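Below is the structure I would like to discuss, written out as structure tokens.
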């Protein structure tokens, strides 16, 4: 009898082991190396996109650069108005485009537009090329804004980690503010060599966002719309009129966002009021941005401890109270008030965006976030001329108290609207 060795089965016929299951509440879902790699890749790419947006080397010296190129202060304000108009005009369409076309595509084009605007600055030295650059930068920021947060939430949802969204949104916000803070340090060093040098470096930073956006993995299927304009108007109507809870969240977030943006423009007049040495402006600016980043990093823990209702009230009280307290503390002690205000700003941004994401359908999420950004810029555009006139005609203290009143009234109204809509069955 011949002894034959039994042939081993080919390795390819051996069934692959099933992926392990992890439990998240009552749901079980597979966690393979591939899915975790995709998750880490998306998170890292979104971090890099945030850095490319917020590592702004040119901001601390841009007025000096304009002056060297022969522009007047009036020209500077026209350029910044063009930037704001470009963002306002494209905010909602860009968010809708991210929903119907895809978040990744919008992020790629947005990062490319920001790079083109930065590149334009490296060769421009007159008003018209500067205007083109500002429009490109505004359009690019609109395409990125909203799509990045929507893709982050979709990534969390796909990997069954939506409960971790606030933590990662806080980290993204922290990275943005840390980038802005560090950029201020390097900007002064580069500008000491040449005022054009920060713009060359800004080009390299802006380019980082393009390959980062290209490697993103899209998880939400783009919405299919036969009539894009009608569908966009339907989303706007749903967000601002039909869904009272979503409307309250968007408008409250818009009021708070406009309040924090307005305070950012009050910082320098406050420092001038204190006769602060010019060399300390950049240091204080850096410390404030680092404060926002640290607060954003802890926002999810505070939200879990206090809950939605208390967080809303706390944010409104800190923002309005910060204006009032600063108006009565136009001394060195006001720096502490300003620091606490920026802590509240760090908590507010990721928390309020997180609440909006939780009550928004995936196919309209980027559009809704863009509506929020549009509301912020619209409110800021409405109140900025008034509070600026109050500052020049009366005093900084008067302007701060008036802003507190302007923020308090609509803030309370939209807070009550959101509460009443949430309590309805």
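What follows is calculated from the coordinates using simple rules that are stated; it is not laboratory data. No experiment lies behind these values; they were computed from the predicted model shown. Methodologically, a virtual Cβ is constructed for each residue, glycine included, from the backbone with ideal geometry; neighbour enumeration extends over all protein chains shown.
In degrees between 0 and 90, to the nearest 10, how far off the longest principal axis of the chain does helix 228-237 point, with axes built from Cα atoms?
70
Tell me, in nm to one decimal, what length is gained between residue 189 and residue 37 on full extension, where the rule is 0.36 nm per residue of separation less the Cα-Cα distance?
My answer for the length gained is 50.9 nm.
R0 = 22 Å: FRET efficiency of residue 123 with residue 78, Cβ-based, nearest 0.05?
Efficiency computed from Cβ-Cβ geometry: 0.60.
Relative to the first principal axis of the alpha-carbon coordinates of the chain, what is the inclination of helix 147-158, with its axis defined by its Cα atoms, in degrees from 0 to 90 and to the nearest 10?
Tilt relative to the chain: about 30 degrees.
Right, next: Can you tell me the orientation of helix 334-358 relative to the chain, as the angle in degrees between its alpha-carbon axis and the longest Cα principal axis, to the nearest 10?
Tilt of helix 334-358: around 40 degrees.
Note the full-extension length gain between residue 339 and residue 229 as 0.36 nm times their separation in residues minus their Cα-Cα distance, in nm to one decimal.
Using 0.36 nm per residue and subtracting the Cα-Cα distance, I get 35.2 nm.
Okay, moving on. Among 243, 289, 177, which one shows the highest mean-square fluctuation when the chain is modelled as a Gaussian network with alpha-carbon springs under 10 Å?
Evaluated over the chain, the most mobile residue of the options is 243.
Test of understanding: in a Gaussian network model of the chain with alpha carbons linked when under 10 Å, which of 405, 381, 192 would top the mean-square fluctuation ranking?
Among 405, 381, 192, the largest mean-square fluctuation in the Gaussian network model of the chain belongs to 192.
If r is the Cβ-Cβ distance from residue 241 to residue 313 and R0 is 25 Å, what FRET efficiency results, to the nearest 0.05?
The formula returns an efficiency of 0.50 here.
Exposure proxy check: 353, 167, 53, 80 ranked by fewest other beta carbons within 10 Å?
Ascending number of Cβ neighbours within 10 Å: 80, 167, 53, 353.
Using alpha-carbon positions, what is the distance between the centroids of region 41-58 and region 299-331, in Å?
28
Name the residue, out of 56, 349, 126, whose mean-square fluctuation peaks in a Gaussian network model built on the chain with Cα pairs under 10 Å.
126
Remind me, relative contact order of region 242-425 in percent, using alpha carbon pairs under 8 angstrom and six or more residues apart?
Averaging sequence separation for qualifying contacts and normalising by length gives 45 percent for region 242-425.
Work out how much length residue 161 to residue 268 would gain on full extension: take 0.36 nm times their residue separation and subtract the Cα-Cα distance, in nm to one decimal.
34.4 nm
For log10 I(q)/I(0) by the Debye sum over Cα atoms at q = 0.07, 0.10, 0.14 Å⁻¹, one of (i) -0.43, -0.78, -1.45; (ii) -0.37, -0.72, -1.42; (iii) -0.44, -0.76, -1.19 was computed from the structure I shared and the rest are decoys. Which label?
For log10 I(q)/I(0) by the Debye sum over Cα atoms at q = 0.07, 0.10, 0.14 Å⁻¹, the calculated option is (ii).
Using only alpha carbon pairs under 8 Å that are at least six residues apart, calculate the relative contact order of region 33-215 and give it in whole percent.
After rounding, I find 43 percent.
Give me the percent relative contact order of the chain, please, defined on Cα pairs under 8 angstrom at least 6 residues apart.
24
In which sequence would 127, 252 go, from the one with the fewest C-beta neighbours within 10 Å to the one with the most?
The fewest-first ordering by Cβ neighbours comes to 127, 252.
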